[in-house]
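Report on the structure given below.
The values are calculated or read from the model by the stated rules, or taken from the named source; none is laboratory data. These numbers were taken from a predicted model, which means no experiment stands behind them. Cβ atoms come from the backbone with ideal geometry, glycine included; neighbour counts cover every protein chain shown.
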Amino acid sequence: MRLPAHVGADQFIYWKEGTPTRRLAPDVYVLPGVDRSIAIRSWKTWETGIVPSFALEVAGNDITKDYEDGPAEYADLGVSELVVFDPHVTPNSKTRVRWQVFRRIAKRGLVRVDVSQGDRVKSKVLKAWLRAVGTSDAVRVRIAEGAHGEVLFPTEAEAERAAKEAAEAEVARLRMVIERMKRSGG
């Protein structure tokens, strides 16, 4: 059984009542147990007691902010898992890494548990893989399934295309059945 969860992006999340400077705007976040249909302009954790279970940050030009400051703030927020994805990694990069995964570990807080230049990392919170796809000019993150993240979860357009192709194949199959029946006199 899956619990409801709200997936959002780029809204401020505040976690210290009376301290509006203690806020983050994750590129993507998951609020467990929150109805996905509600509109969120900002989220105040002290009103609900709910903090994001997952956050994804896409690194920009300021790697100090994304590599050092961000993880410390997410630790203070109480997020269970933070993934930092850097689309600006080049083959010769000495200072940038494609993926960093941080997880909350009892008595240790939010700890970096994985660093990878590969094309995918596993999210324990999402129970899925995050994969970098596309060209170096247009790399993006996709969710993948399977033992090693080999199956990309379809986008809405891909799912619609697959459904259309399946329907067309079924129509073609039924036409063949009807033709066979006509030829055999049935």
Which is more than 25 Å from Leu3 (Cβ to Cβ) and modelled with pLDDT of 95 or more, of Trp129, Trp99? Trp99
What are the pairs with Cβ atoms under 7 angstrom where one residue, in the stretch 37-65, is in a helix (DSSP H, G or I) and the other, located anywhere, is polar (S, T, N, Q)? Sequence gap at least six, or different chains. Ile63/Thr95
One residue is enough: does the stretch 150-160 have a residue meeting the conditions closer than 27 Å to Asp62 by Cα and surrounded by 14 or more Cβ atoms within 10 Å (Cβ to Cβ)? no
Boolean, Val171 is of a type in the set (Val, Ile, Thr), surrounded by 16 or more Cβ atoms within 10 Å (Cβ to Cβ) and either in a strand (DSSP E or B) or not assigned by TED's automatic domain parsing to the domain that holds Ala75 (or both): no
Residues located in the stretch 94-123, provided they are over 20 Å from the mean Cα position of the chain (by Cα) and part of a strand (DSSP E or B): Ile105, Gly109
Give the number of residues within the stretch 68-93 that are outside any loop (DSSP other than H, G, I, E, B), charged (D, E, K, R) and surrounded by 21 or more Cβ atoms within 10 Å (Cβ to Cβ). 1
Working carefully through the options Ala72, Ala147, Ala163, find the one that is outside the structural domain of Glu17 (by TED's automatic domain parsing) and out of contact with any Asp or Glu (no Cβ under 8 Å at 6 or more places or on another chain). Ala163
Filter the stretch 47-67 down to the residues that are acidic (Asp, Glu) and crowded, with 18+ Cβ neighbours inside 10 Å and list them by number. Glu57, Asp66
Just one of Trp99, Trp129 is closer than 17 Å to Pro26 by Cβ and assigned by TED's automatic domain parsing to the domain that holds Ala55; which is it? Trp99
Give the residue, chosen from Val84, Val51, Val34, Val30, that is assigned by TED's automatic domain parsing to the domain that holds Gln117, within 23 Å of Arg96 (Cα to Cα) and not hydroxyl-bearing (Ser, Thr, Tyr). Val84
